[in-house]
Amino acid sequence: MIPRAEDISQDIKDKKDENDLIYEYENIKQVTWYDQLLLNRPLKVVVIILLVTIAAPLLIYQFWFYPSVDAPPADGYSTGSCLLQREMRLACGVGTMNEQNCHPQCCYDVRNRFCFHRLPSRFSYILDREWSENVTLQPRISTTPYSLQNSIPNLRISVDEITSTHLSLNFYNPQLKTYSGRRIENKDYNYSISSPELNIVVNSIQGNIFNTLRGPMIASRNIWEIAFKITNESMYGLGEIPLKAGTVKVIYNHEQGLSSVPLIFAKINESYHGLLIDSSTPTEVSILAENQIVVRGITSFGLRFHLFTGQTPENVMREVMNYIGTFNNFEYWMFGAHICSVFPGPLDNAFTQFNTFMNSASRQRLPFESTCGPIPIVFKSDQCDNSENDIINRGLRLITRFNKRFVPHLSPYIRHELSTTIDEEEIDNTTRSCAQTLTKYERYLIRDSNNLDLYIGTIGNDTVVYPDYGTITEELMKDLWIYNTDVDGLILENNWPLDDSKKLHNETYLYLPYFNKNFENALNRTPQWNISLPNDGGIYLFKHNIYGNNFINATHAIFNKTLPRWSSSQWMNGKTVINRQNVDTSWTSLHRELIAMALGGVSGHWYWSSPVCGDSEHFNIENHSPLCVKWYMAATFFPILNINSKSTPRDPIQFVGTYRTYINNALNHRLNLLSYFYTTLQEGPLLRPMFYQYPEVSELKDVNNQFNVGENLLIVPNLQPSQTHVHVWMPPGTWYEMWSGLQLNATVGEAVTMTTTDADFLTLIRGGSIVPLQKDVKATAELTRLQSSFALTIALECTIIADSTNCKASGHLFMTPKMTMEFKSDAENLSITAIGDDYGIFCNSTVAIWANRIQEINIYGLDDEFNNYDNHKRILASIDLCELKDVHEIYFKYT
């Protein structure tokens, strides 16, 4: 019964004694505190609200999201909570399932039928002592949420301190392999591995750069899983700028796979660091809310990660390149356009069309450098058939006649004629010799796992077999190459490798504990995952990612190791040019290719090619001409320019009218800029994303529709049909339109809208820079370099100090390792100096490879009164660079 206060008003009136009144008042004051609480109506309302908003949800959650009410775990370790925001839940096993399939140590969302991990997760490993390289960890839960498979009973963690800025974390099964990490004294990071419950934290100067947050660590047969965070801020990589929640990527080389190394840049406290996922087995990388990263690998061996402390994106890139290597065989001619079309029909028809193309290109003075010939090259089992050899040799003679270079496309599989039989009584000695060659490589071919017969794949209408290039001999490689021709370069295509045969994945879902649509799409056009390797009988799946590397290395037996090679597939290999394939012809694909190329460059693959206007079969020249024009304009700034077609050609001579004019202009602009590109690529990547070039500008870090070209140029491509305007997000400094000198006036991070037409591709030049051009273009890149005089574009950066304007600009031109030209300018004078003594490359006519004269200077940033054009001053000059043999510096006065 709730106490109530009595009504004493009448008694008070009857009291005569003042002391009695005081006594009654004291009684009122002595009402107990709990009576006051119970009688306080506002407080009761607050208490009820708290019960409704806090206690009730907890009770509902306990019985709704986690139907089995457990006692505290018997092992004495953390219980883990199921009270997680929906977007923060990590799938426990495959995630979406019926309640009875959800592991009892997981949480379950009844409404969404979703099984998810507790936090901390109960699926982890336990240390019984302080961690060291030799300490073995045991699973906390003996089974995994993947079909209740047993956890691997022993796991080890190796930490390799590779350099002061490069650390690797290796989680592995010690029964299958062993590792031993190095230790160094001076380093920019520290790390801790807690016990008894596993948690790994890596810190660097900028803060926490890796943290497992006591999430899941699962290790079992054919499935390893780990979750972690590397930043609370923004991330970039895996083909995405920025890398957002909901992104899922599969690391498994296939036609739509990642072409660069799987590197993620992470921003934290105004600094950057990098994470490289070094897993050569099929691996799924999922980005969840709050930058959680979940990595699941189809492997029994383990997972490996590299951390680069960086502090700037450029430092991260340099550290990655030290690990994966660099491409050092670049030759200037590779800047020129490479054109390759697959001509359908009989071989004679292919040669006829190739002959028509070469003659038309010559008549129209199409500037290109190399071609793949009339047909791509595929190894074949019927080496007695010389028909393709004859066509290739005829094509090579045609290429030589037009002074172009031969860069054939080579696939790794061997065309296999199943019905071919040879009558021993009818063959001569020559035929017997070539037929005997067929049996030499059989023991190096990949086998069907069921009966150990040769695994037969399909490519189009052909049946093919696949050598294991990791074990094939040099002698057999030379036997496979039956063509008596020299080549200038080699494009290794379809070498992830391609297999069009139909895959039935029903059994795959049953055999592999974790398999989904993401993996299914990746495996569809590759060889059957469970076929056998010929050498040790191992499962092909685990060696698939290195197939491309093995093929690259095997070609060293046929050609010199220094021969330039493009490759459509690689693994942690920075020593090759990236060759993109299977790109759709769409505006979305153009944007995606620009992002992939920019990210690839800053991940260490500076030399990168992507097919202009795509290379898919779904192409219609009438519908796609406006898109192709803009694609060609964007390709002006690609490191390598490839024009590849599988069916319908899309080289410049296929277009008509103004479209062809725009495309030819784009190719000429590329030749104008090659000396700048060549100089840039000595020092860094060509195409660069904004977060890389301006890491200190927060307004630009997530911009993915404009790109720096080296330090001094900025492009803003058209990425939509019929687009009449583009928006420039202004970087620091002064910027001018590249070809007119118009200055853009805006603050850093502000958007400036610029009008574009069908003929335009907005390109800006940075104030303070000098860019050398060669405007009188020739038929090839090397001829332009030698025969076209230079034109300098000088973009001044002007500052006002004490009512005085100070303008300056500088730049340089790399010619050879022993010769670089340096340019410096103010508003009145230009000075030129030479660094090095290799003057013969532009002064000795017998060995010269560079032009030696500057005949035009364009100056941006002068006051209007000094301009002789709307926005700049143009000066015709005749500056002989050979004078530098006799003088230390050349001075040229503008007036």
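The values are calculated or read from the model by the stated rules, or taken from the named source; none is laboratory data. All values derive from a computational prediction rather than experimental measurement. Methodologically, a virtual Cβ is constructed for each residue, glycine included, from the backbone with ideal geometry; neighbour enumeration extends over all protein chains shown. Side chains are part of the model used for accessible areas, which takes the heavy atoms of the whole protein and leaves out ligands, DNA and RNA. Shrake-Rupley method; radii C 1.70, N 1.55, O 1.52, S 1.80 Å.
With a requirement of 3 or more residues that are open to solvent by 10 Å² or more (accessible area, probe 1.4 Å), of a type in the set (Asp, Glu) and not assigned by the TED database to the domain that holds ASN222, none of the strands (runs of 3 or more DSSP E) lying completely within the stretch 81-183 satisfies it.
Taking the stated definitions as given, is LEU673 out of contact with any Pro (no Cβ under 8 Å at 6 or more places or on another chain), outside the structural domain of SER788 (by the TED database), closer than 17 Å to TRP739 by Cβ and of a type in the set (A, V, I, L, M, F, W, C)? Yes: the conditions hold for LEU673. Looking for something out of contact with any Cys (no Cβ under 7 Å at 6 or more places or on another chain), part of a strand (DSSP E or B), open to solvent by 10 Å² or more (accessible area, probe 1.4 Å) and in contact (Cβ under 8 Å) with a residue 24 or more places away in the chain - is there at least one such residue anywhere in the stretch 354-367? Scanning the stretch 354-367, I find no residue that is out of contact with any Cys (no Cβ under 7 Å at 6 or more places or on another chain), part of a strand (DSSP E or B), open to solvent by 10 Å² or more (accessible area, probe 1.4 Å) and in contact (Cβ under 8 Å) with a residue 24 or more places away in the chain, so the answer is no.
Residue count for the stretch 582-609 under the criterion of being part of a helix (DSSP H, G or I) and touching a residue at least 12 places away in the same chain (Cβ under 8 Å): the result is 15. Scanning the stretch 403-418 for residues that are open to solvent by 40 Å² or more (accessible area, probe 1.4 Å) and either closer than 20 Å to ALA781 by Cα or not charged (D, E, K, R) (or both) gives ASN403, ARG405, HIS416, LEU418.
When the criteria are applied in full, HIS505 meets the requirement of being within 30 Å of PRO145 (Cβ to Cβ) and either assigned by the TED database to the domain that holds LEU452 or open to solvent by 20 Å² or more (accessible area, probe 1.4 Å) (or both). Residues in the stretch 279-292 that are outside any strand (DSSP E or B) and either farther than 16 Å from GLY548 by Cα or of a type in the set (A, V, I, L, M, F, W, C) (or both): LEU288, ALA289, GLU290, ASN291, GLN292.
Among the candidates ASN322, ASN328, the residue that is touching a strand residue (DSSP E or B) at 6+ places or on another chain (Cβ under 9 Å), surrounded by fewer than 19 Cβ atoms within 10 Å (Cβ to Cβ) and closer than 27 Å to PRO817 by Cβ is uniquely ASN322.
Quick check on LEU504: is it over 24 Å from the mean Cα position of the chain (by Cα), in a loop (DSSP other than H, G, I, E, B) and at pLDDT below 90? Spelling it out, LEU504 is indeed over 24 Å from the mean Cα position of the chain (by Cα), in a loop (DSSP other than H, G, I, E, B) and at pLDDT below 90. Taken together, THR833, THR784 contain a single residue that is in contact with a Leu (Cβ under 8 Å, 6 or more places away or on another chain), farther than 19 Å from GLU711 by Cα, at pLDDT 95 or above and surrounded by fewer than 17 Cβ atoms within 10 Å (Cβ to Cβ), which is THR833.
Taking the stretch 851-895 and the strands (runs of 3 or more DSSP E) fully enclosed by it, the elements with 1 or more residues that are more than 13 Å from SER789 (Cβ to Cβ) and of a type in the set (S, T, N, Q) are at 853-860.
With respect to the conditions (1) open to solvent by 20 Å² or more (accessible area, probe 1.4 Å); (2) part of a strand (DSSP E or B); (3) not small (Gly, Ala, Ser), PRO732 lacks only one, and its number is (2).
Please work out if ILE859 is in contact with a helix residue (DSSP H, G or I) (Cβ under 9 Å, 6 or more places away or on another chain) and on the phi < 0 side of the Ramachandran plot. Spelling it out, ILE859 is indeed in contact with a helix residue (DSSP H, G or I) (Cβ under 9 Å, 6 or more places away or on another chain) and on the phi < 0 side of the Ramachandran plot.
Table: residues versus (1) under 22 Å from SER675 (Cβ atoms); (2) outside the structural domain of PHE823 (by the TED database); (3) surrounded by 12 or more Cβ atoms within 10 Å (Cβ to Cβ).
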| site | (1), (2), (3) |
| --- | --- |
| LEU862 | no, no, yes |
| PHE866 | no, no, yes |
| ASP870 | no, no, no |
| ILE875 | yes, no, yes |
| HIS888 | no, no, no |
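Restricting to the stretch 848-869, name every residue that is among the aliphatic types (A, V, I, L, M) and within 40 Å of the chain's Cα centre (by Cα). Of everything in the stretch 848-869, those that are among the aliphatic types (A, V, I, L, M) and within 40 Å of the chain's Cα centre (by Cα) turn out to be ALA848, ILE849, ALA851, ILE854, ILE857, ILE859.
Screening the candidates SER158, SER164, SER195 for the property of being modelled with pLDDT under 95 and not hydrophobic (A, V, I, L, M, F, W, C) yields one hit, SER195.
Every residue in the stretch 202-222 that is among the aliphatic types (A, V, I, L, M) and surrounded by fewer than 23 Cβ atoms within 10 Å (Cβ to Cβ), please.
Quick first cut of the stretch 202-222, residues among the aliphatic types (A, V, I, L, M) only: 202, 205, 209, 213, 217-219.
The answer is ILE205, LEU213.
Screening the candidates ASN328, ASN315 for the property of being modelled with pLDDT of 95 or more, closer than 30 Å to SER260 by Cα and of a type outside the set (A, V, I, L, M) yields one hit, ASN315. Is there a residue being buried (at least 22 other Cβ atoms within 10 Å of the Cβ), among the hydroxyl-bearing types (Ser, Thr, Tyr) and in contact with an Asp or Glu (Cβ under 7 Å, 6 or more places away or on another chain) anywhere in the stretch 462-474? No, the stretch 462-474 contains no residue that is buried (at least 22 other Cβ atoms within 10 Å of the Cβ), among the hydroxyl-bearing types (Ser, Thr, Tyr) and in contact with an Asp or Glu (Cβ under 7 Å, 6 or more places away or on another chain).
Test GLU828 against the stated conditions and say whether it is in contact with a Ser or Thr (Cβ under 8 Å, 6 or more places away or on another chain) and open to solvent by less than 80 Å² (accessible area, probe 1.4 Å). For GLU828, the condition - in contact with a Ser or Thr (Cβ under 8 Å, 6 or more places away or on another chain) and open to solvent by less than 80 Å² (accessible area, probe 1.4 Å) - is not met. Within the set ILE849, ILE879, the sole residue that is within 16 Å of SER825 (Cβ to Cβ) and either crowded, with 18+ Cβ neighbours inside 10 Å or in the same structural domain as PRO772 (by the TED database) (or both) turns out to be ILE879.
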